[in-house]
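Comments concern the structure below.
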Amino acid sequence: MRNKIVAGNWKMNTNLSSGIELAKEVNNLVVNNNIKNVKVILSPPFTHLSDINNIINKEYISISAQNCSYETKGAFTGEISAEMIKSIGAEYIIIGHSERRAYFKENNQVLNKKVKKVLENNLIPIYCCGETLEEREKGKLFEIIKNQIIEALFDLPEEDFKKVIIAYEPVWAIGTGITATSEQAQEMHLFIRNELIGKFGKAIADSIPILYGGSCKPSNAKELFANPDVDGGLIGGAALNAEDFYKIITSF
Ligand code: PGA
(Lines give C-alpha, C1' and ligand atoms only; values in the text may rest on other atoms or scores of the structure.)
Protein backbone atom coordinates (compact mmCIF):
# COMPACT_ATOMS: atom_id res chain seq x y z
CA MET A 1 0.00 0.00 0.00
CA ARG A 2 1.32 3.43 -0.95
CA ASN A 3 1.21 6.31 1.50
CA LYS A 4 -1.67 8.74 1.11
CA ILE A 5 -0.24 12.24 1.08
CA VAL A 6 -1.70 15.74 1.10
CA ALA A 7 0.82 18.56 0.88
CA GLY A 8 -0.02 22.24 1.11
CA ASN A 9 2.10 24.48 -1.09
CA TRP A 10 1.66 27.95 0.31
CA LYS A 11 3.79 29.58 -2.41
CA MET A 12 4.65 33.24 -1.63
CA ASN A 13 1.68 33.76 0.69
CA THR A 14 1.22 34.67 4.37
CA ASN A 15 3.53 36.62 6.63
CA LEU A 16 5.10 35.05 9.69
CA SER A 17 2.19 35.66 12.05
CA SER A 18 -0.58 34.70 9.63
CA GLY A 19 1.48 31.69 8.56
CA ILE A 20 1.85 30.52 12.15
CA GLU A 21 -1.89 30.98 12.66
CA LEU A 22 -2.68 28.89 9.60
CA ALA A 23 -0.25 26.16 10.63
CA LYS A 24 -1.79 26.07 14.13
CA GLU A 25 -5.28 25.76 12.72
CA VAL A 26 -4.27 22.88 10.44
CA ASN A 27 -2.33 21.25 13.26
CA ASN A 28 -5.32 21.42 15.62
CA LEU A 29 -7.73 19.95 13.09
CA VAL A 30 -5.40 17.10 12.19
CA VAL A 31 -4.32 16.31 15.76
CA ASN A 32 -7.74 16.70 17.42
CA ASN A 33 -9.30 14.40 14.84
CA ASN A 34 -6.39 12.01 15.12
CA ILE A 35 -5.76 11.88 11.36
CA LYS A 36 -3.08 9.27 10.95
CA ASN A 37 -3.99 7.54 7.70
CA VAL A 38 -2.73 10.47 5.61
CA LYS A 39 0.73 12.02 5.57
CA VAL A 40 0.10 15.76 5.95
CA ILE A 41 2.83 18.09 4.74
CA LEU A 42 2.98 21.87 5.02
CA SER A 43 5.21 23.82 2.67
CA PRO A 44 5.37 27.43 3.88
CA PRO A 45 7.84 30.07 2.66
CA PHE A 46 11.46 29.69 3.83
CA THR A 47 11.12 32.48 6.40
CA HIS A 48 8.44 30.55 8.32
CA LEU A 49 9.89 27.06 8.21
CA SER A 50 11.69 27.02 11.51
CA ASP A 51 8.89 28.63 13.54
CA ILE A 52 6.25 26.41 12.02
CA ASN A 53 8.40 23.35 12.51
CA ASN A 54 8.47 24.20 16.21
CA ILE A 55 4.72 24.54 16.69
CA ILE A 56 3.37 21.55 14.76
CA ASN A 57 2.98 18.06 16.14
CA LYS A 58 5.54 16.08 14.16
CA GLU A 59 3.67 12.85 14.77
CA TYR A 60 0.98 14.19 12.46
CA ILE A 61 2.51 16.84 10.22
CA SER A 62 5.78 17.25 8.34
CA ILE A 63 7.42 20.32 6.91
CA SER A 64 8.60 20.94 3.36
CA ALA A 65 10.46 23.76 1.64
CA GLN A 66 9.36 24.96 -1.79
CA ASN A 67 12.77 25.02 -3.45
CA CYS A 68 16.48 24.73 -2.73
CA SER A 69 19.82 25.39 -4.38
CA TYR A 70 21.66 22.65 -6.25
CA GLU A 71 24.88 23.99 -4.80
CA THR A 72 26.17 22.70 -1.48
CA LYS A 73 27.29 25.98 0.12
CA GLY A 74 29.35 29.09 -0.49
CA ALA A 75 29.13 32.34 -2.41
CA PHE A 76 25.63 32.05 -3.88
CA THR A 77 23.89 35.14 -2.54
CA GLY A 78 20.22 34.64 -1.86
CA GLU A 79 20.27 30.87 -2.23
CA ILE A 80 19.16 28.37 0.43
CA SER A 81 20.84 24.98 0.64
CA ALA A 82 19.21 21.61 1.24
CA GLU A 83 21.45 21.23 4.27
CA MET A 84 20.05 24.45 5.78
CA ILE A 85 16.53 23.22 5.20
CA LYS A 86 17.36 19.89 6.80
CA SER A 87 18.88 21.68 9.80
CA ILE A 88 15.58 23.31 10.78
CA GLY A 89 13.73 19.99 10.81
CA ALA A 90 12.09 19.93 7.40
CA GLU A 91 11.77 16.53 5.72
CA TYR A 92 10.69 17.39 2.17
CA ILE A 93 11.51 19.85 -0.60
CA ILE A 94 9.28 20.59 -3.59
CA ILE A 95 11.39 20.53 -6.74
CA GLY A 96 10.46 21.63 -10.23
CA HIS A 97 7.16 23.35 -9.57
CA SER A 98 5.88 24.76 -12.87
CA GLU A 99 6.22 28.28 -11.46
CA ARG A 100 9.93 27.60 -10.91
CA ARG A 101 10.18 26.23 -14.45
CA ALA A 102 8.27 29.12 -16.04
CA TYR A 103 9.45 32.16 -14.07
CA PHE A 104 12.92 31.09 -12.96
CA LYS A 105 13.85 29.08 -16.03
CA GLU A 106 14.59 25.86 -14.19
CA ASN A 107 14.93 23.06 -16.73
CA ASN A 108 15.08 19.31 -16.29
CA GLN A 109 18.89 19.35 -16.06
CA VAL A 110 18.90 21.91 -13.24
CA LEU A 111 16.11 20.02 -11.50
CA ASN A 112 18.06 16.78 -11.77
CA LYS A 113 20.88 18.44 -9.82
CA LYS A 114 18.43 19.74 -7.24
CA VAL A 115 16.77 16.35 -6.77
CA LYS A 116 20.19 14.81 -6.16
CA LYS A 117 21.12 17.48 -3.64
CA VAL A 118 17.87 16.92 -1.76
CA LEU A 119 18.48 13.16 -1.59
CA GLU A 120 22.13 13.64 -0.63
CA ASN A 121 20.86 15.47 2.46
CA ASN A 122 18.45 12.67 3.35
CA LEU A 123 15.43 14.75 2.47
CA ILE A 124 12.60 13.70 0.19
CA PRO A 125 11.98 15.52 -3.09
CA ILE A 126 8.42 16.15 -4.20
CA TYR A 127 9.21 16.34 -7.89
CA CYS A 128 6.64 18.19 -10.02
CA CYS A 129 5.88 17.61 -13.66
CA GLY A 130 3.13 18.94 -15.89
CA GLU A 131 2.29 20.10 -19.38
CA THR A 132 1.03 23.50 -20.52
CA LEU A 133 -2.32 23.92 -22.26
CA GLU A 134 -0.55 24.44 -25.57
CA GLU A 135 1.42 21.23 -25.13
CA ARG A 136 -1.77 19.33 -24.29
CA GLU A 137 -3.66 20.78 -27.23
CA LYS A 138 -0.85 19.83 -29.60
CA GLY A 139 -1.01 16.28 -28.27
CA LYS A 140 2.48 16.54 -26.78
CA LEU A 141 1.45 15.94 -23.18
CA PHE A 142 2.82 12.43 -22.79
CA GLU A 143 6.10 13.30 -24.48
CA ILE A 144 6.58 16.34 -22.21
CA ILE A 145 5.86 14.44 -19.01
CA LYS A 146 8.05 11.54 -20.09
CA ASN A 147 10.99 13.90 -20.70
CA GLN A 148 10.46 15.69 -17.40
CA ILE A 149 10.57 12.35 -15.60
CA ILE A 150 13.41 10.77 -17.56
CA GLU A 151 15.73 13.78 -17.56
CA ALA A 152 15.32 14.66 -13.89
CA LEU A 153 14.88 11.26 -12.25
CA PHE A 154 16.00 8.31 -14.34
CA ASP A 155 19.70 8.50 -13.60
CA LEU A 156 19.07 8.12 -9.86
CA PRO A 157 20.26 4.90 -8.30
CA GLU A 158 17.34 2.65 -7.37
CA GLU A 159 17.92 3.18 -3.66
CA ASP A 160 17.48 6.94 -4.09
CA PHE A 161 14.66 6.80 -6.60
CA LYS A 162 12.58 4.77 -4.14
CA LYS A 163 12.35 7.81 -1.86
CA VAL A 164 10.97 10.23 -4.45
CA ILE A 165 7.41 11.56 -4.49
CA ILE A 166 6.05 12.69 -7.86
CA ALA A 167 3.41 15.37 -8.31
CA TYR A 168 1.57 15.65 -11.62
CA GLU A 169 0.43 19.23 -11.96
CA PRO A 170 -0.99 20.19 -15.34
CA VAL A 171 0.04 23.83 -15.72
CA TRP A 172 -3.35 24.79 -17.17
CA ALA A 173 -5.03 23.66 -13.95
CA ILE A 174 -2.77 25.48 -11.49
CA GLY A 175 -4.46 28.44 -9.83
CA THR A 176 -6.97 28.63 -12.70
CA GLY A 177 -9.94 27.00 -11.01
CA ILE A 178 -9.94 24.46 -13.87
CA THR A 179 -9.24 20.99 -12.56
CA ALA A 180 -8.18 18.02 -14.62
CA THR A 181 -11.06 15.59 -14.78
CA SER A 182 -10.71 12.48 -12.72
CA GLU A 183 -10.14 10.55 -15.99
CA GLN A 184 -7.44 12.95 -17.21
CA ALA A 185 -5.63 12.70 -13.86
CA GLN A 186 -5.81 8.90 -13.73
CA GLU A 187 -4.73 8.63 -17.37
CA MET A 188 -1.57 10.62 -16.75
CA HIS A 189 -0.80 9.05 -13.36
CA LEU A 190 -1.05 5.61 -14.95
CA PHE A 191 1.18 6.75 -17.81
CA ILE A 192 3.78 7.95 -15.29
CA ARG A 193 3.47 4.72 -13.30
CA ASN A 194 4.05 2.69 -16.46
CA GLU A 195 7.14 4.72 -17.31
CA LEU A 196 8.45 4.00 -13.82
CA ILE A 197 7.73 0.29 -14.24
CA GLY A 198 9.71 0.31 -17.49
CA LYS A 199 12.73 1.81 -15.80
CA PHE A 200 12.70 0.59 -12.19
CA GLY A 201 10.39 -2.43 -12.25
CA LYS A 202 6.92 -2.96 -10.88
CA ALA A 203 7.71 -3.29 -7.18
CA ILE A 204 9.45 0.09 -6.99
CA ALA A 205 7.03 1.83 -9.36
CA ASP A 206 4.10 0.61 -7.29
CA SER A 207 5.64 2.08 -4.15
CA ILE A 208 6.07 5.64 -5.47
CA PRO A 209 3.32 8.09 -4.44
CA ILE A 210 2.04 10.18 -7.36
CA LEU A 211 0.12 13.26 -6.22
CA TYR A 212 -2.25 15.37 -8.27
CA GLY A 213 -2.03 19.17 -8.19
CA GLY A 214 -3.99 21.89 -9.94
CA SER A 215 -7.11 23.47 -8.46
CA CYS A 216 -7.68 20.51 -6.18
CA LYS A 217 -10.32 21.58 -3.65
CA PRO A 218 -12.84 20.10 -1.21
CA SER A 219 -15.43 19.74 -3.98
CA ASN A 220 -13.27 17.59 -6.28
CA ALA A 221 -10.67 15.94 -4.03
CA LYS A 222 -12.73 12.82 -3.31
CA GLU A 223 -13.26 12.02 -6.96
CA LEU A 224 -9.61 12.65 -7.82
CA PHE A 225 -8.26 10.64 -4.88
CA ALA A 226 -10.56 7.70 -5.67
CA ASN A 227 -8.43 6.88 -8.72
CA PRO A 228 -6.12 3.89 -8.27
CA ASP A 229 -2.99 5.83 -9.27
CA VAL A 230 -3.75 9.13 -7.55
CA ASP A 231 -2.17 8.92 -4.11
CA GLY A 232 -3.09 12.35 -2.83
CA GLY A 233 -2.63 15.98 -3.70
CA LEU A 234 -0.30 18.95 -3.84
CA ILE A 235 -2.60 21.78 -2.93
CA GLY A 236 -2.03 25.47 -3.62
CA GLY A 237 -4.89 27.93 -3.10
CA ALA A 238 -7.05 25.63 -0.98
CA ALA A 239 -4.13 25.03 1.42
CA LEU A 240 -4.37 28.66 2.55
CA ASN A 241 -7.64 27.95 4.31
CA ALA A 242 -7.34 25.46 7.16
CA GLU A 243 -10.93 24.17 6.88
CA ASP A 244 -10.66 23.59 3.13
CA PHE A 245 -7.26 21.96 3.48
CA TYR A 246 -8.59 19.70 6.22
CA LYS A 247 -11.54 18.70 4.04
CA ILE A 248 -9.10 17.69 1.32
CA ILE A 249 -7.00 15.72 3.82
CA THR A 250 -10.10 13.77 4.80
CA SER A 251 -11.21 13.10 1.22
CA PHE A 252 -9.81 9.57 0.90
P1 PGA B 1 -3.52 25.34 -6.96
O2 PGA B 1 -1.93 25.13 -6.98
O3 PGA B 1 -4.09 24.28 -6.05
O4 PGA B 1 -3.74 26.73 -6.43
O5 PGA B 1 -4.01 25.18 -8.37
C6 PGA B 1 -1.37 23.86 -6.96
C7 PGA B 1 0.13 23.99 -6.99
O8 PGA B 1 0.62 24.85 -7.71
O9 PGA B 1 0.85 23.23 -6.31
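The values are calculated or read from the model by the stated rules, or taken from the named source; none is laboratory data. Keep in mind that this is a model prediction, so the values were computed, not measured. When we count neighbours, we look across all protein chains shown, and the Cβ atoms used for this are built from the backbone with ideal geometry, even at glycine.
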Report yes if some residue within the stretch 53-62 is crowded, with 18+ Cβ neighbours inside 10 Å, touching a residue at least 60 places away in the same chain (Cβ under 8 Å), out of contact with any Leu (no Cβ under 7 Å at 6 or more places or on another chain) and more than 16 Å from Asn241 (Cβ to Cβ); otherwise report no. no
Failed condition for Lys217, given (1) crowded, with 22+ Cβ neighbours inside 10 Å; (2) near the ligand (Cβ under 9 Å from one of its atoms); (3) not aliphatic (A, V, I, L, M), with all others met? (1)
Can you work out which of the residues in the stretch 86-129 that are buried (at least 23 other Cβ atoms within 10 Å of the Cβ) and assigned to a loop (DSSP other than H, G, I, E, B) is farthest from the ligand (Cβ to nearest atom)? Ala90
Any idea which of Ala203, Ala152 is modelled with pLDDT of 95 or more, crowded, with 24+ Cβ neighbours inside 10 Å, away from the ligand (no atom under 13 Å from the Cβ) and more than 22 Å from Ala23 (Cβ to Cβ)? Ala152
Meets criteria (assigned to a loop (DSSP other than H, G, I, E, B) and either within 22 Å of Ser251 (Cβ to Cβ) or of a type outside the set (A, V, I, L, M, F, W, C) (or both)) for Asn57: yes
Quick check on Glu83: is it without any contact (Cβ under 8 Å) to a residue 40 or more places away in the chain and under 20 Å from Asp160 (Cβ atoms)? yes
Need the failing condition index for Ile210 against (1) more than 10 Å from the ligand (Cβ to nearest atom); (2) β-branched (Val, Ile, Thr); (3) touching a Cys at 6+ places or on another chain (Cβ under 7 Å), just the number. (3)
Complete set of residues in the stretch 156-171 that are assigned to a helix (DSSP H, G or I) and near the ligand (Cβ under 10 Å from one of its atoms): Val171
